[in-house]
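**Student:** Have a look at this one.
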Amino acid sequence: MTNRDVDAVIVGAGFSGLYATHRLRNVQGLTVQCFEAAEGPGGVWYWNKYPGARCDFESIYYSYTFDEALQREWRWTERFAAQPEILAYLNHVADRFDLRRSFRFNTRVTSAVWNEETNRWTVRSDDGSVTTARFFINAAGAFSVFKKNDFPGQDDFHGTVLHTSQWPAEGVDLAGKRVAVIGTGSTGIQVIQTIAPQVGELTVFQRTPNFACPLGNRPLTDEDFAQAVADFSRNRQESRNSIAGAPYPRAVRSALMDTPEERRKVYDEFYNGGGFRMITSSYYDLIFNPVANATAADFIREQIRERVHDPKLAELLCPNDHPYGVKRATFEINYFEAFNLPHVHLVDARTTPIVRITEKGIATTDHEYEFDVIVLATGFDVGAGALARMGVIGRGGRKLTDHWAHGQRAYLGMATHGFPNLFHINGPQSAAALFNNPLAIEDSVDFVGNLIGYLDSHGHTTAEVTDLAEDRYNELVREVADATLFPTATTWYMGDNIPGKPRTPLSLFTGAPMYRAICAEVETTGYAGFSFDGENRPLSSLIKLDGSAVFFLAGLQNMGAKPLEDCTLEEARAAMESFKLMQLPVADDVSIVDARYPIDGGHRKVRLYRPPIEGPLPVVVFYHGGGWIGGSLDLYDEPCATLARRVGAVVVSPDYRLAPEHPFPAATDDTVAAVRWAADHITEFGGDPERIAVAGESAGANLAAVVALRLRDEGGPQLRAQVLITPPVDFLADTESRRQFAHGPIISMELAMRMASLYLGDPANAVSPHASPARAEDLSGLPPALVVTMEIDPTRDEAENYAQALATAGVPTVCRRIDRLCHTAFELSGAIPRAAEIHTAIAEFLTPLLSAQRAATEPALG
Ligand code: FAD
Ligand code: NAP
């Protein structure tokens, strides 16, 4: 066999390998050598020829988008095409783009070794050939290694044992036969519902029942197709911006916002709507809130009970050991009705596990069943099972299997440290498990293609993820998983289905839009986290961010929430208020009362929070955030109540006038007036007027800093302390953090500038120390300060500079940077558990300063 040297070796001729070949060879002009173990293209759709195999995203979405004409010309016949049609489609793609000539079919790659002298991969295959290449592209699939039979005795069996992914192309005649199916995942369900009417006897061995929902298949009419073609570009765009990569209605409500009757209507609609809609379109909190999830799980169980006549059987078919949607969603066509047929039986392989395959059939712990055919629908070594079997050796002779001894991991699902120029198409920890695969594949191939293009155009030889980036991404994937219910199930999503495989999330569970945003950020920051010829690029913002915050942001994207930058004033205010949904419940032992305080020309509301502690208590006057244009007392109920409990203080939260209706200095006048009112009236509420501190978050922190300045200069009352959480303190600041986090997360500089201009009214006000306290000539004599900053926040550096300036002016100052969190974390306690660290920092700082003893001995602090 001739040896070759090429730019890229590509392994696999499924959706991934075919598009990678087109992209790298036809579009980028690279030389490629591609390998495929099967005799032709198709990948999963070549191998899985079992009865009933079909896709579960609609075919008009479960297909390539890269070529406009291809999408318009290929006429799918069913809403969800069956395997033969998908295989024909992939063969058509191979022909249409002249891809076959680059493939060696019937050829298995057996080893791939990185040569550090030549910076090339040496790839061997079972036809004896040796190929060297600059790049090694793993397009070998996540479901291309079937799970080996767990049961002893297969060779004793007198009948036929078939794994679904090894189904003979010519088919198997099952008519009149006694057939066993082991497994009730996506595959088992498709096989069972399809063969049930054909076979003599069908016995299903079920270990875990699944929340199967109707697929909703039907022929695709000319009208359907014409509509799909007309809407292609809109649909494709919408798909990529949607949680699962298909343009389904977005879930924008919590299941707990609706009454049981309203929920039933929603579930009825999406259960019967077909495919993934039940999970993607009903309620956004199903995958992370167990109470919300239970409402959907109950609904599906009810459907099963209605559809299966025998109540005992129905109960066995009802999943009850895991939440809905956290094992891969399964879909069915009259699956449950199959169990109403007299010759279809169910064996509970959980209470009576399968022990072995015998001569006659299958022995469980309590019975031996006789069969002619045993169908194993027992799944796959999901993830990079195929690559892990390819004998891959990277830099320093390190085996890939050793690198993955504690679990498969890959940066963005595409690159592995120690394995330069090896790129996975949707490898482990990509988002593909929850992302319509052809689109996920195109995105991944395009990323890799662009990376190779970048490498070449910048004269680099190697690209490799840094160990820091791989570690951090792996941690992020785990943090995101921990924010969801996925880890609560036994599922291949976590690597659980293969005995001995380390438990690790094999996917980033954010949904497609966040994964795409992360990849886009890596790309636009010059491939953050990669090392080119040993020169390391630092991490990008989203990857550094705490996983719970990433998950929160992903939720906003999945809902289709408009970025605040694009909102009208009213929309922005409403969007800020909606953050309340992401807070922990307000502690019910904190008493809350509303009062009014006087301002120039009227009154405003003030809300007081008192913890269940004997008084008199110290007082914290807290100013809410919201960019001077939004935010409210209601939005800050939870942070204020928590603050009251943690500090043991009465928290006074005043409403203040907002811009643009009331520009600068209205808010600072109100916030000063609120402290004066508190000093005069707080005894009525159990507070001690001698022990007052001010605090605020974001714009509220700016106001707190200004209040401290003004009270110093305008005759008090005297403050014990000031707590500034992520304060913008200089409207004209030019800092590294403003540049680094110009696009967010949460708050971008564009948004900050718009809010600033609405607040300031006249831009000249920016230099006033009552707008930009950092511009005050003299900071001495101010009360002790705690400045809390978030690592990933444009306001970080100006706030830290302010803390430095306070300290230099002799103000006792503590500056606490909370790593990996972003702006507004303080008000997202339910979504970002580490928001509690901010309260801890405040309590540690304020408790001694506000203590009664200190009041007695040191009355004039600051
Ligand atoms: P594959 O299609 O698996 O292609 C990889 C190829 O690499 C295989 O042909 C294999 O033979 C080859 N290969 C592996 N190792 C070697 C080697 N050492 N040497 C040479 N060749 C090798 N996803 C969805 O989004 N929606 C669906 O509806 C859906 N339905 C599915 C149904 C089934 C039955 C299965 C198993 C998976 C389904 N998936 C679905 C997931 C599916 O894996 C992807 O949609 C997609 O087909 C994956 O394409 P791929 O090219 O990445 O991998
Ligand atoms: P799977 O989801 O892993 O299901 C395997 C089934 O076999 C499970 O029911 C499992 O039970 C059972 N099983 C495994 N080992 C067993 C044992 N020792 N004893 C008893 N039961 C055992 O595999 P799959 O159904 O092949 O699906 C894999 C993935 O491929 C899907 O999740 C999906 O992503 C894709 N797929 C999609 C479609 C589609 O509709 N488009 C079709 C097929 C496959 P436990 O749950 O108890 O482990």
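The values are calculated or read from the model by the stated rules, or taken from the named source; none is laboratory data. None of these values were measured; they are calculated from a predicted model. As a convention, Cβ positions derive from the backbone with ideal geometry for all residues, glycine included, and neighbour counts pool all protein chains shown. In case anyone asks, the SASA skips ligands and DNA or RNA and just uses the protein heavy atoms, side chains included. Shrake-Rupley method; radii C 1.70, N 1.55, O 1.52, S 1.80 Å.
**Student:** Tell me which residues, restricted to region 91-133, are of a type outside the set (A, V, I, L, M, F, W, C), more than 16 Å from Ile393 (Cβ to Cβ) and part of a loop (DSSP other than H, G, I, E, B).
**Tutor:** Asp98, Asn106, Thr107, Arg108, Asp126, Asp127, Gly128, Ser129
**Student:** Applying the selection to region 40-56, what residues are among the hydrophobic types (A, V, I, L, M, F, W, C) and either open to solvent by less than 30 Å² (accessible area, probe 1.4 Å) or more than 9 Å from ligand 1 (Cβ to nearest atom) (or both)? Walk me through how you get there before you give the answer.
**Tutor:** Start the filter on region 40-56 by keeping residues that are among the hydrophobic types (A, V, I, L, M, F, W, C), which leaves 44-45, 47, 53, 55.
Trp45, Ala53, Cys55 - these are the residues of region 40-56 that are among the hydrophobic types (A, V, I, L, M, F, W, C) and either open to solvent by less than 30 Å² (accessible area, probe 1.4 Å) or more than 9 Å from ligand 1 (Cβ to nearest atom) (or both).
Condition check ((1) more than 34 Å from the chain's Cα centre (by Cα); (2) closer than 20 Å to Cys55 by Cα) across all residues:
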position: Asp173; (1), (2): yes, no
position: Ala180; (1), (2): yes, no
position: Ile189; (1), (2): no, yes
position: Ile195; (1), (2): yes, yes
position: Leu202; (1), (2): yes, no
position: Asn210; (1), (2): no, yes
position: Gly216; (1), (2): no, yes
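**Student:** Identify, please: which residue in region 471-492 is open to solvent by 30 Å² or more (accessible area, probe 1.4 Å) and among the charged types (D, E, K, R) and is, among those, nearest to ligand 1 (Cβ to nearest atom)?
**Tutor:** Among those that are open to solvent by 30 Å² or more (accessible area, probe 1.4 Å) and among the charged types (D, E, K, R), it is Arg478.
**Student:** Within region 139-175, can you find the residues that are within 12 Å of ligand 1 (Cβ to nearest atom), of a type in the set (Phe, Trp, Tyr) and open to solvent by less than 50 Å² (accessible area, probe 1.4 Å)?
**Tutor:** Trp167
**Student:** Mind checking whether some residue in region 293-304 is free of Cβ contacts under 8 Å to residues at least 40 places away in the same chain and farther than 14 Å from Phe211 by Cβ?
**Tutor:** Among the residues of region 293-304, not one is free of Cβ contacts under 8 Å to residues at least 40 places away in the same chain and farther than 14 Å from Phe211 by Cβ, which makes the answer no.
**Student:** Restricting attention to strands (runs of 3 or more DSSP E) lying wholly within region 349-435, give those where 2 or more residues are more than 11 Å from ligand 1 (Cβ to nearest atom) and hydrophobic (A, V, I, L, M, F, W, C). Before you say what the answer is, go through the steps one by one.
**Tutor:** On the way: elements: 354-357, 361-364, 368-370, 373-376, 422-424.
Answer list for region 349-435: 354-357, 361-364, 373-376, 422-424.
**Student:** May I ask you to verify whether Arg712 is under 11 Å from Leu782 (Cβ atoms), of a type outside the set (A, V, I, L, M, F, W, C) and part of a helix (DSSP H, G or I)?
**Tutor:** Numbers: under 11 Å from Leu782 (Cβ atoms): yes; of a type outside the set (A, V, I, L, M, F, W, C): yes; part of a helix (DSSP H, G or I): yes.
When the stated conditions are applied, Arg712 passes them.
**Student:** May I ask you to list the residues in region 221-232 that are in contact (Cβ under 8 Å) with a residue 60 or more places away in the chain and open to solvent by 20 Å² or more (accessible area, probe 1.4 Å)? Reasoning before the result, please.
**Tutor:** Start the filter on region 221-232 by keeping residues that are in contact (Cβ under 8 Å) with a residue 60 or more places away in the chain, which leaves 224-225, 228-229, 232.
Result: Asp224, Phe225, Val229.
**Student:** Quick check on region 117-137. Is at least one of its residues at pLDDT 95 or above, within 16 Å of ligand 2 (Cβ to nearest atom) and touching a Ser or Thr at 6+ places or on another chain (Cβ under 9 Å)?
**Tutor:** No, that holds for no residue.
**Student:** Let me ask you something else. Being free of Cβ contacts under 8 Å to residues at least 40 places away in the same chain and either open to solvent by less than 60 Å² (accessible area, probe 1.4 Å) or not in a helix (DSSP H, G or I) (or both) is the filter here, so list the residues in region 239-267 that pass it.
**Tutor:** Taking region 239-267 as the starting set, the residues that turn out to be free of Cβ contacts under 8 Å to residues at least 40 places away in the same chain are 248-249, 253, 256-267.
Selection gives Tyr248, Pro249, Arg253, Asp258, Thr259, Arg263, Val266, Tyr267.
**Student:** Considering each of Glu684, Glu690, Glu697, Glu714 in turn, give the residue that is charged (D, E, K, R) and closer than 17 Å to Gly625 by Cα.
**Tutor:** Glu697
**Student:** Being open to solvent by less than 10 Å² (accessible area, probe 1.4 Å), within 14 Å of ligand 1 (Cβ to nearest atom) and within 30 Å of the chain's Cα centre (by Cα) narrows it down to one of Ser63, Ser16, so name that one.
**Tutor:** Details: Ser16 fails: open to solvent by less than 10 Å² (accessible area, probe 1.4 Å).
None of the other options fit; the residue is Ser63.
**Student:** Restricting to region 787-802, name every residue that is buried (at least 24 other Cβ atoms within 10 Å of the Cβ) and not in a helix (DSSP H, G or I).
**Tutor:** Val787, Val788, Thr789, Met790, Ile792, Asp793, Pro794, Thr795 - these are the residues of region 787-802 that are buried (at least 24 other Cβ atoms within 10 Å of the Cβ) and not in a helix (DSSP H, G or I).
**Student:** Within region 669-715, can you find the residues that are open to solvent by less than 10 Å² (accessible area, probe 1.4 Å) and either at pLDDT below 95 or under 22 Å from Pro616 (Cα atoms) (or both)?
**Tutor:** Hits for region 669-715 are Ala674, Val675, Ala678, Ile682, Gly687, Ile692, Ala693, Val694, Ala695.
**Student:** Quick one: which of Thr351, Thr378 is of a type outside the set (D, E, K, R) and over 25 Å from Ser144 (Cα atoms)?
**Tutor:** Every option except Thr351 fails the conditions.
**Student:** Has region 422-429 got any residue that is at pLDDT 95 or above, within 14 Å of ligand 2 (Cβ to nearest atom) and surrounded by fewer than 19 Cβ atoms within 10 Å (Cβ to Cβ)?
**Tutor:** Within region 422-429, not a single residue is at pLDDT 95 or above, within 14 Å of ligand 2 (Cβ to nearest atom) and surrounded by fewer than 19 Cβ atoms within 10 Å (Cβ to Cβ).
**Student:** Of the conditions (1) hydrophobic (A, V, I, L, M, F, W, C); (2) closer than 30 Å to Asp321 by Cβ; (3) touching a residue at least 40 places away in the same chain (Cβ under 8 Å), Ala463 clears all except one; give me its number.
**Tutor:** For Ala463, the failing item is (2).
**Student:** What helices (runs of 4 or more DSSP H), lying completely within region 272-334, carry at least 3 residues that are open to solvent by 40 Å² or more (accessible area, probe 1.4 Å) and within 27 Å of Ala82 (Cα to Cα)?
**Tutor:** Numbers: elements: 277-281, 290-307, 311-317.
Filter on region 272-334 gives an empty set.
**Student:** Can you tell me which residue among Gly385, Gly453, Gly413, Gly391 is within 16 Å of ligand 2 (Cβ to nearest atom) and surrounded by fewer than 24 Cβ atoms within 10 Å (Cβ to Cβ)? Please lay out each step first, then the result.
**Tutor:** On the way: Gly453 fails: within 16 Å of ligand 2 (Cβ to nearest atom); Gly413 fails: surrounded by fewer than 24 Cβ atoms within 10 Å (Cβ to Cβ); Gly391 fails: within 16 Å of ligand 2 (Cβ to nearest atom).
After ruling out the rest, the residue left standing is Gly385.
**Student:** Another question, if that's okay. Please determine, by comparing only the residues of region 19-39 that are open to solvent by 20 Å² or more (accessible area, probe 1.4 Å) and charged (D, E, K, R), which one is nearest to ligand 2 (Cβ to nearest atom).
**Tutor:** The qualifying residue nearest to ligand 2 (Cβ to nearest atom) is Glu39.
**Student:** Determine which single condition Ala37 fails, assuming it passes every other condition in (1) outside any helix (DSSP H, G or I); (2) more than 10 Å from ligand 1 (Cβ to nearest atom); (3) in contact (Cβ under 8 Å) with a residue 12 or more places away in the chain.
**Tutor:** Result: Ala37 fails condition (2) only.
**Student:** For region 1-13: of the residues being among the hydrophobic types (A, V, I, L, M, F, W, C) and within 14 Å of ligand 1 (Cβ to nearest atom), which is surrounded by the fewest Cβ atoms within 10 Å (Cβ to Cβ)?
**Tutor:** This residue is Val9.
**Student:** If you don't mind, there's one more thing I want to ask. Could you please give the count of residues in region 748-771 that are open to solvent by 20 Å² or more (accessible area, probe 1.4 Å), part of a loop (DSSP other than H, G, I, E, B) and closer than 28 Å to Ala836 by Cβ?
**Tutor:** Number of matching residues: 0.
**Student:** Still on this structure: If Glu170 satisfies all but one of (1) within 16 Å of ligand 2 (Cβ to nearest atom); (2) free of Cβ contacts under 8 Å to residues at least 24 places away in the same chain, what's the number of the condition it fails?
**Tutor:** (1)
**Student:** Next up: For the subset of region 803-826 comprising residues that are of a type in the set (S, T, N, Q) and closer than 21 Å to Val621 by Cα, which member is least open to solvent (accessible area, probe 1.4 Å)? Steps first, please.
**Tutor:** At the first step, the residues of region 803-826 found to be of a type in the set (S, T, N, Q) are 804, 808, 813, 824.
Pick out the ones that are also closer than 21 Å to Val621 by Cα and you get 813, 824.
Values: Thr813: 41, Thr824: 19 Å².
Restricting to residues being of a type in the set (S, T, N, Q) and closer than 21 Å to Val621 by Cα, the top hit is Thr824.
**Student:** Another question about this same structure. Tell me, yes or no, whether region 646-660 has at least one residue that is without any contact (Cβ under 8 Å) to a residue 40 or more places away in the chain and assigned to a loop (DSSP other than H, G, I, E, B).
**Tutor:** Yes.
**Student:** Condition first: within 14 Å of ligand 2 (Cβ to nearest atom) and either assigned to a loop (DSSP other than H, G, I, E, B) or acidic (Asp, Glu) (or both). Now tell me which residues in region 40-60 satisfy that.
**Tutor:** Gly43, Asn48, Lys49, Tyr50, Pro51, Gly52, Ala53, Cys55, Asp56, Phe57, Glu58, Ser59
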